[in-house]
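What follows is calculated from the coordinates using simple rules that are stated; it is not laboratory data. Model, not experiment: these values are computed from the prediction. Note that we place each Cβ from the backbone using ideal geometry, even for glycine, and neighbour counts take in every protein chain shown.
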Amino acid sequence: MADDLLVIIPTRGRPGAIPEIMQAWDDTGATADVLFCVDKDDPELAAYKAQAKVYADDARVRFVYWARKRLVGTLNQAAVKNAGDYQFLAFLGDDHRPRPGAMPWDERIRICLSGGPGIVYGNDLLQGEAMATAVAMTSDIVQTLGYMAPPAMVHLCVDLVWLDWGRGMGRITYLDDMVIEHLHPAAGKAELDAGYEEANSEQQVSADSAAYYDYRDNGGLQADLDKLRALIGGQQ
């Protein structure tokens, strides 16, 4: 099915990313639906709405305009709203670009996740297997937990949580040859802008790191893993 996978892309201040992302869809033969989540207070809101008009006739593409909730809040809102309508949900940043491979990347996601609850991620050419900076999962994970990322976090460390979930479930796949390139300043592939400066500020690094360790070490992760393992057990 062409509409069983939804890719959620929170985006702010980068309307020029929209045509680049959709070109990557075309270059890779992707059929997955894509949801661009735009903040209502984005200084580039008019440019985003102009891009939405360009893709108005593309059945794969939707735009939503919400009050700002930062990355995790926006991702969770979109994931929960759509989990009942899609078998699989994925997250890409607006600085990720899928690259051509032997098989369309979204089809590989479908195949990897067809066996039941699980998580899959590819090679971002920056962190590789060490971090799931772009990720896909079965939607029943979101329905079971009530979120796609722990809401105590704002932007950082959620890629570590996804690894913790997948490893704790025994249901995670890393595909080294499924390239979803991360065009990040740390790789010298983007210029620092307001979004990067905010997300990677000393204050945000400290806050999200503390939230992650609290979640991991003080019962949050264990509670979620108990739910996810029960989900797997109920489907076996």
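Considering only alpha-carbon pairs that sit under 8 angstrom and 6 or more positions apart, the relative contact order computed for the chain is 21 percent.
Per the Debye calculation on region 1-54 with a single equal scatterer at every Cα and no solvent contribution, log₁₀ I(q)/I(0) for q = 0.13, 0.23 Å⁻¹ amounts to -0.33, -0.92.
Amide hydrogen proximity for residue 135: with H placed 1.01 Å from N in the peptide plane, the residues at 5 or more positions away or on another chain lying under 5 Å are 91. For the chain, the mean residue ellipticity at 222 nm estimated from helices alone is -13000 deg cm²/dmol, where every DSSP H run of n ≥ 4 contributes -39500 (n - 2.57) and the total is divided by all residues, rounded to the nearest 500. Considering all C-alpha pairs of region 29-97, those separated by over 14 Å amount to 64%. What the phi angles of region 125-134 give under the Karplus curve with 6.51, -1.76 and 1.60, with θ = phi - 60°, is a coupling list of 6, 10, 9, x, 6, 5, 9, 8, 6, 10 Hz, glycine and proline written as x. Ordering 103, 169, 153 from the fewest to the most neighbouring beta carbons within 10 Å gives 103, 169, 153.
Panel note: the C-alpha atoms of region 5-235, placed on their principal axes, show extents of 46, 40, 32 Å (largest first). Taken over the alpha carbons of region 108-174 as equal point scatterers, the Debye sum produces base-10 log I(q)/I(0) values at 0.13, 0.29 Å⁻¹ of -0.33, -1.44.
Given their separation in residues at 0.36 nm each and the Cα-Cα distance between them, residue 198 and residue 46 gain 52.5 nm when the chain is fully extended.
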